[in-house]
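Have a look at the structure below, then the notes.
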Ligand SMILES: *[C@@H]1O[C@H](CO)[C@@H](O)[C@H](O)[C@H]1NC(C)=O
């Protein structure tokens, strides 16, 4: 279909195709292997005892201030969605977990749980039946039944959404080279070309097609190809509203963190952050109003999802108190700026080529260097060095520091960087 649409097979593209396919096939085979392995095991019962959660509460309450009314929550499911500022939240969770010696359910050999396969608990690194964890937070295709078996029943479920039009634009930019459906799109602006007639390029069965349509819906484990009037869209949204205690909104990131802090009974220090995995603005393709409407219609299920949780988000802000929220956001900004001055060379993010230490270089999309990162201040006070280093460490390096052997991810990274 798309191959005969005036597709010009340039030398680069020709070289690129077998490599991309080979690596992807390798990733899929690797995951199928783990999946088969699962099926032959006896099914093991089932949710985690609350006792484990209690031990950790005990550890925590020793260190928390006596006047606090609540004790910090330590059992957390963070559903990490794609292209939603979720990497920044991940860094916050990693730091909190490390500080309190919590047990993470980590992926094995790669930085996700065999995405886009649905999550299975046997994908967790060194998993043994009956094992329990405090935090699950890496990329997965959500599968509640399996997640629930890893966490105590009091676990708090949190996720983050972003305006689906911006998310679509971002995912298109980040993944288009990994989606063969887009390779045949001609013209200078592939995104506009696609949105003008998506049906001409899109096919639900095609490899990696989910990156192009309702990616949020797909991440949550639902069918991302439901039609506009399909009642299953609202059913899916309803089921998520039953599962998740808090749905953050990327456009209101600071307010989101304040609500998170409140829900988890954490301190302001716990939610300080530097924006990680952000794209340089010059590579962001702002859609005009006409294209926005098209993108919105194309991602209808995600739109309904976002609309619903944006409304509940603001109800929560209202309940928290608008004024109180404003004060807290101001305080968070002040503390973040303080940390930036302490930690970051030049006080701001820089382009990938300007990041000197490989520890702080973020993962880049195929064939690009558009993701920004940071340099640690050279004259940094030793007492801040560790915390600053952790705050600036991108996801892949952080996972590696936590003992995940990322050979599959690294091999893919090496192929990507040496070929494109
Ligand atoms: C989200 O909610 C806020 C506050 O009600 C509103 O101003 C904004 O337009 C909403 N966004 C969308 C996309 O619905």
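Nothing in this text is a laboratory measurement; each read-out follows from the coordinates by a stated rule. This structure is a prediction, so every number in the text was calculated from the model and none was measured. Cβ sites come from the backbone with ideal geometry, for glycine too, and all protein chains shown count toward neighbours.
Specify the inter-centroid distance of the stretch 360-420 and the stretch 326-357, based on alpha-carbon positions, in whole Å.
Taking the Cα centre of each part, the stretch 360-420 and the stretch 326-357 sit 17 Å apart.
With N set to the residue count of the stretch 308-420, report its C-alpha Rg divided by 2.2 N^0.38 Å to two decimal places.
Working: Rg = 18.4 Å, N = 113, 2.2 N^0.38 = 13.3 Å.
This ratio for the stretch 308-420 stands at 1.39.
Could you sort 180-193, 290-303 so that the peptide with the highest average Cβ count within 10 Å comes first and the rest follow in order? Intermediate results must be reported in sequence, preceding the final value.
Details: 180-193: 16.0, 290-303: 19.4.
Highest-to-lowest ranking by the protection proxy: 290-303, 180-193.
Quick one: which of 260-269, 379-388, 142-151, 221-230 comes out on top by average Cβ neighbours within 10 Å, and what's the full order, highest first? Intermediate values should be presented prior to the final figure.
Numbers: 260-269: 17.5, 379-388: 11.7, 142-151: 19.2, 221-230: 15.2.
Taking the mean over residues of other Cβ atoms within 10 Å, the ranking is 142-151, 260-269, 221-230, 379-388.
Measure out, as a whole number of angstrom, how far apart the alpha-carbon centroids of the stretch 242-258 and the stretch 164-189 sit.
Rounded to whole Å, the Cα centres lie 27 Å apart.
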